[in-house]
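The values are calculated or read from the model by the stated rules, or taken from the named source; none is laboratory data. Keep in mind that what you see is a predicted model, and the values were worked out from it rather than measured. Note that each Cβ is placed from the backbone with ideal geometry, even for glycine, and that neighbours are counted across all protein chains shown. Side chains included, ligands, DNA and RNA excluded: accessible areas come from the protein's heavy atoms. Shrake-Rupley method; radii C 1.70, N 1.55, O 1.52, S 1.80 Å.
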Amino acid sequence: MSAPSDSLRARKKAKTRATIREQAMRLIEEQGYAATTVEQIAEASEISPSTFFRYFPTKEAAILVDDVDAVLVHAIRAQPAEFQAVEAILRAVHEVFSNMSPETWEFERRRQALALGVPELRARIMHQMTDAIDLVAAAIAERAGLPADDFSARVTAGAAVGAMLAVLPSSRVLTDGMTLHDYHRLEKALTLLQKGLPLG
């Protein structure tokens, strides 16, 4: 029997990873974060705890890892060179979120509601915002042929991430997660940023 192809192996790994995340969210929704163990998640996913740790270093990582970030950064890098940084981010946001499937939207809504609704996880969200600034800044700098730590790239990335935080209705996101309407608000905020933040 021939060995499985790389594409088949990759699909199996992606399926296992998705199953782990789904079971982690289900168990935490049902019995709470503190009461849910890696062993329980592994059992529900029909894997061993050691296999769990090959996919995620901790229980919290199964919830906190944001797969959309990597897709968004890739989309920013792929924007035509003639677009200025904020326009490239705006176009990338529109491209990524307008093409998300209903299943992905629902997964992200649940994931974000859990991450923001669990005190143990909520504190880590702010660290992720810093990571997001690093990723976006590196993409902006790369497009412009600048060093990854370029000051103007970091300021632009910080403004874009800050715009996202500013327009999200935090009280509702805590219970419902983010919706398509929230991302339309983000696009509106980025458009305002692109125009130099005119008031009114």
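Worth pointing out:
- Cα-based equivalent ellipsoid, the chain: semi-axes from gyration tensor eigenvalues, Å: 32, 22, 15
- Cut-off 16 Å, label 7 Å out along Cα→Cβ of His127, residues of segment 58-82 by amide N: 58-66
- Residue ranking by accessible heavy-atom surface, 1.4 Å probe, largest first, among Ser45, Ser98 comes out as Ser98, Ser45.
- Solvent-accessible area per residue, Å², over segment 1-82 with all protein chains present [probe radius 1.4 Å]: 60
- Against the criterion of solvent-accessible heavy-atom surface with a 1.4 angstrom probe, Ile47, Ile28 sort, most first, into Ile47, Ile28.
- Placing +1 on each Lys and Arg Cβ and -1 on each Asp and Glu Cβ, with no other charges, gives the chain a dipole about its Cα centre of roughly 160 debye.
- Shown for segment 1-135: the carbon plus sulfur share of the solvent-accessible area, taken with all protein chains present and a 1.4 angstrom probe, equals 56%.
- FRET efficiency for Ser5 and Phe151, using Cβ-Cβ distance with R0 set to 35 Å, rounded to 0.05: 0.15
- Summing Lys and Arg as +1 and Asp and Glu as -1 over all other residues whose Cβ lies under 14 Å from the Cβ of Asp131 gives a net charge of -2.
- Estimated at the nearest 10 Å², the accessible area of His127 is 120 Å² with a 1.4 Å probe.
- Were the residues from Arg77 through Trp105 laid out at 0.36 nm apart, the gain over their Cα-Cα distance would be 7.8 nm.
- Fully extending the segment from Gln194 to Lys12, taken as 0.36 nm per residue of separation minus the present Cα-Cα distance, adds 61.3 nm.
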